[in-house]
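A short reminder: the numbers here are calculations on the coordinates, not readings from a lab. None of these values were measured; they are calculated from a predicted model. Backbone-built Cβ (ideal geometry, glycine too); neighbour counts: all protein chains shown.
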Amino acid sequence: MSPASANPDAGRPPSGAGGGRRHSALARYVAKRLVIAVGLLFGMTLVTFCLTNLVPGDPVAAALGQRAADDPEIVARFRTEYGLDRSLPAQYLAYLGRLIRFDLGTSWQTHHAVAADLAKAVPATMEIAFGAIVGAALIGITFGAWSAYRRGLATDQVLRLVSLIGISLPTFWTAIVCFYVFYYRLGWAPGSGRLTPGVAAPPNVTGMYTVDALLAGEWRTFVDASAHLALPTLVLTLYTIGLLTRFSRTSILEVLDQDYVRAAKAKGLPGRVVFFRYVLRGAAVPVLTVVGLAFGSLLSGTVLVESVFGWPGLGSYAYQAASKLDLLAVMGVGLVVGLVYLCVNLAVDLAYGFIDPRVRVGR
Amino acid sequence: MISTRTSGLRAAAAAGAAALLLSACGGGGEPGGTTSGGAGGQTAKSGATQIVVDTTFDIKTIDPGREYEPTGQILVKALYDTLLTFADDDTTTVVADLASYQSNDDQTEFTFTMAPGRVFSDGSPVTVDDAVFSLKRLQGLKGNPSFLLDGVSVEKVDDQTLKLTTADPSPALPAVLATPSCGIVNSKLVQENGGSTDESDAAEEFLNQTSAGSGPYVLDKLDTASEAVLVKNPNYNGPQTPVYDTVIVRNTEPATQKMNVERGDSQVALGLSGDMVESLADGVEVESVPSATVVFLLINSDPAVSELTSKPEFVKAVKAAIDYDSLIEIAGRGAAQANGLVPSVFLGALEDSEALKYDAAAAQAAAQAAGATGQKLTLSFPNDIDPTGLNLTTLAERIQSQLSAVGIEVDLAPAPFATEIDAYRDGKEQIGLWYWNPDYMDPANYLAFGPGQTVGLRAGWKQGANAAIEELVSRGYTTGDLAERKTVFEEWGKAMNADGPFVPLVQPGSNVVYQPSVTGVYYNPVWLINVAGLGQS
Amino acid sequence: MTRRSPTARLWRAIPPGLRQPLGLAAGLIALAWLVICLIGPAIAPFDPLAQDLPRFSPPGEVSFLGTDELGRDLFSRILAGARVTIGLALVLVCLSMLIGSLLGLLAGFFGRWVDEAIMRFTDLVMAFPTVILAMVTAAALGASLFNAVLAALVVSWPQYARVVRSIVLGLRGNDFVWSGRLLGFSAVRSIRVDILPGTMGPTLVLASLDIGTAALLLSGLSFLGLGARPPTPEWGSMVSAAVSHFDKWWLGVFPGLAILTVVISFNFIGDALRDALDPGVAPR
């Protein structure tokens, strides 16, 4: 699903006229969004719970060894231990009860707290996703602005084609091709994983190896971690650049047609000044929205990329959990990703109030 | 048993999951788990020797009483000695390690005499109490490997001896005791850290950080996501002669493993498939042998599941429809036809001449006789596990095309292991493509395929379905004399090939790739390789 | 006033975006793939399921694009796979358009709690990461093409719902809708006559842009083993074979290029359609 097609106006905050009123309106708005966000999170746990319980397979057989699963005593113990002997609604309520205490339960597959598992996986994914979103935003917005500025000219055509190719790339395929060319053929990139085997992970602070290595002053580890990051980040960036270029271009073109821009032009301001002072600022809002949405879709894209690069992130964890019927782990992933999505949305919504030019220009 | 040796795409995901094991596993005051300084074994002191072994990790725990995954077996084998063991590449003769044994004529009583002077890594002596504790703990934990000692009672006789008793004759028991899960732990140390011989045991976290055995190596560091570092046990005084001071076992993707061993970044690679080995660079050695994993077809004999597959003629048709040589070609280097359900490395395995043979004309006739007129059957298999590097999907596609050639039409129904295992265990599959890894090194393990036995039931093959085979099964369980045992298992194998609802297909190759400087690379069906046996030329 | 020839009229009917060389190329590629969908198996040099060629033969040796791990002709499989990937993408887009538009219509037209309920549900689905939700669905239902479409459907309808709803909200306030309601027209008639036509254009543009995305999502699910069942020649699952046979580059490269060209050409057409219907952002 293409974030570019999502309605950028959804949930625009009311912008009141007076400062005080605006603040209380904003506060009410934030409160409302938070309530909805919490509701959505509960909804998500319910949906995942139902989906994972639809599965024809019995998670017990998957979690236990084959011989152990033949022993009714072991199976019964397992069911009691994980509360699987209770009815489904009771299981769900028990889950919610633990959730309130921030306990996501224990994974049947890894035998560890889902929260602890996620604490390892999320930073690994964020490391790629942050890099990709920052890179893609810088390049994509520049391309989009440039393309809009040179609307209809050769530059525009070329950039549009490039961005079209970008969004048309099957990420799993790009990942394999990059891995084949840069690792297997040329030997420029290191192999799969987050670090070269044998290089110890830096002391855990953020969970992102590059950051942690810098904090600890382990230069060699930093270089190694960065080298491993390069290819997966590149693949995700390529896809996201296309998305952002297209959307920035559209938004900027829309702003170019706005009255206040025409007025500025009519005032006789040079085109360059109009473009940078009014147009870019006006387009910032929808562009910011799509950067937020693109971040969400990046998290999805990581599933395919992580599986090719052997990246122990959220995507791999989700894939593993889904195929092993690891109910609590799947629900944990759903919660985390939903939370990220909601936070990003909330942040974007709030940012409207600060950079929406209509608030300032319309003064 | 089904152990998971994943490869390719799925291994990537597996690695992801493995990454997450760590933080909780680490226990103790180290939430991140990976804070040991330096760069692993790469910074070994000059003069000291180290060896790097690359494999695809599949570790849940390295508590001997709980572990049951291939990588765990490799590590536990190096950290814990067992009462009995197998030497080097021998897979048929049990030899003494921490104890020697004698059994009564009925094979129901086994008396073990502890080897004198052996000590744990902390210097304390290995006693009968430690052995009793370890075996009772394995039974009492009710974990994945607990079934190994089902129906065995363990008792201490005196300070030198212990006795294992079974109700039925159990000639396979010595082989069972040689599996790493039966490793002897330092009972005092384990008990101090929460260990017990029942389900209240809480020593798993401790054992994932510290080894408590008498093996040639001790655990220096375990990161279930990336690597395990073993160092020589300074107090080891057993029969083995470990060469390398440090052994690093790393979690590496198969493609990367190949590059590493070719470039000399690692000395041994365990995770290469038969296909990858075909295109290796010069300068590395390969130990390619048929693994003890048997890939087979299950044809359900329960008419309620499928009228057609329950007909003996149909089973005959399938057995003759398969071009076994072409399956071996797909399986790649080291693979061999599975002559019977008992793999070639075990006593009682069948000769090549006894293997099932491809005969399209006979298959076609049998298929017609069974009434196969193109009605669609379902061939189910797990698609997220590659036993010993063999892609089951590829194999299933080839089988589908071969069956189609003789008039048997099947739809392929792949599913994740976790989903499919249920239908398999419940005997609901019409035709299934599965595999069996030996739990211990004795052919008795394969009697489970008999009528009314664990795997037999999965094919809807109930008690009373074949009196002759059932007779052989019970003799297989109880015959102690080696020569007689060999004959019984061969008879059983032939009868299964003729009348059983299983079609043994291939034993995929086990391919261990290593630098020429490394010696002592031997494939073992249970613990893959013994790192303490690796030498240097 | 000069009368235009029929050819010229036809030419004018083509969206301007497709009238330049690149656009023409994209249109032709898309057309070619659609033709292959219809007659692919007939023009394939080999039976796409036959396993009688040598395994892993590189391109140019026994066949144009080489053979796969079972000795099947890659070129023939790619031709046969067009039907699977493109056909299902079209089915998926139609279904998500139908479901999404219907919900969007209901939400926009009836407003209040209907709107609130539908849009919160839409938010809920959109908050899930696409691939992960589809993955859980596919894992729950079992791997098959039908289930993959179902799983993809779960995540691809919300965008239609949102777009249609916002259009309906705009239209509902219009005088002609109000007057219709005041004249006592039923809600159904009001939707059919006054609102539905207005939503058609944008929805179709969205759908044309979505075909590429749908093809990517479906082939991605098959790549993960959650879509097409073997031996169906599906491009995504063909690429996944390349993961375990790394040095046989042709296994993955060609099916991937097939996906890429299909997605690019359909996206290009979608772009051109959008530009034609929404001149505000046209490159002029």
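Below is a table of values for the structure above.
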| item | result |
| --- | --- |
| The protein assembly as shown - charge dipole about Cα centre, Lys and Arg +1 at Cβ, Asp and Glu -1, debye rounded to 20 | 8320 |
| Aspartates and glutamates whose Cα lies under 12 Å from that of B:Lys462, excluding same-chain neighbours fewer than 8 positions away | B:Asp302, B:Glu470 |
| Rounded to 10°, Cα long-axis angle of helix C:112-127 versus longest principal axis of chain C | 20 |
| Value of relative contact order over the stretch C:21-277, rounded to a whole percent, pairs C-alpha under 8 Å and six or more apart | 24 |
| Integer Hz, Karplus 6.51/-1.76/1.60 couplings in order for the stretch B:168-180, x for Gly and Pro | 9, x, 9, x, 7, 4, x, 5, 4, 5, 8, 6, x |
| Shielding by other protein chains, B:61-72, mean Cβ within 10 Å | 1 |
| Relative contact order (%) - chain A, alpha-carbon pairs under 8 angstrom, separation at least six | 27 |
| Span from the the stretch B:335-408 Cα centroid across to the the stretch B:57-101 one, whole angstrom | 33 |
| Cβ-based net charge around C:Pro54, under 13 Å, with every Lys or Arg adding one and every Asp or Glu removing one | -3 |
| Total charge dipole magnitude, the stretch B:235-340, about the Cα centre, Cβ charges on Lys, Arg, Asp, Glu only, Debye to nearest 20 | 260 |
| Debye, to nearest 20: dipole size of the stretch A:148-297, +1 on Lys, Arg Cβ, -1 on Asp, Glu Cβ | 700 |
| Rounded to 5, percent antiparallel among DSSP beta bridges of the protein assembly as shown | 75 |
| Relative contact order [Cα under 8 Å, 6+ residues apart], the stretch B:294-507, whole percent | 33 |
| Helix C:74-110 axis, angle to chain C major axis (alpha carbon atoms, nearest 10°) | 20 |
| Within-12-Å neighbourhood charge of C:Ala161 [Cβ basis; K, R +1; D, E -1] | +1 |
| Karplus-derived 3J(HN,Hα), 6.51/-1.76/1.60, for each residue of the stretch A:174-179, Hz, glycine and proline x | 4, 4, 5, 4, 4, 4 |
| Computed helical MRE - 222 nm, chain B, DSSP H runs ≥ 4 contributing -39500 (n - 2.57), nearest 500 | -8500 deg cm²/dmol |
| For the stretch B:294-507: rounded, prolate or oblate by the Cα gyration tensor [a/c cutoff 1.5] | rounded |
| Positive-pole candidate from C:Ala241, C:Ala89, C:Val114, dipole of chain C, charges at beta carbon | C:Val114 |
| For chain A, calculated [θ]222 nm from helices alone, where every DSSP H run of n ≥ 4 adds -39500 (n - 2.57) | -23500 deg cm²/dmol |
| Nearest 10 degrees, 0 to 90: helix C:250-277 Cα axis against chain C principal axis | 20 |
| Most mobile of A:Arg220, A:Arg246, A:Arg101 in a GNM of chain A (Cα contacts under 10 Å) | A:Arg101 |
| Cα lying deepest toward the dipole's positive end in the protein assembly as shown, options A:Leu342, C:Ile195, A:Ile139, charges on Cβ | C:Ile195 |
| Other-chain or far-sequence residues with amide H under 5 Å of B:Asp90's (modelled H) | none |
| Options C:Ala30, C:Ala143, C:Phe254, ranked by Cα towards positive dipole end of chain C, top entry (Cβ charges) | C:Ala30 |
| Ranking of B:Val76, A:Val274, B:Val512 by count of other Cβ atoms within 10 Å, fewest first | A:Val274, B:Val512, B:Val76 |
| Label point distance in nm, B:Glu278-B:Glu409, each placed 7 Å from Cα along Cα→Cβ | 3.2 |
| ³J(HN,Hα), Karplus 6.51/-1.76/1.60, whole Hz, each residue of the stretch B:111-125, x for Gly, Pro | 10, 10, 10, 5, 5, x, x, 5, 10, 6, 5, 8, x, 6, x |
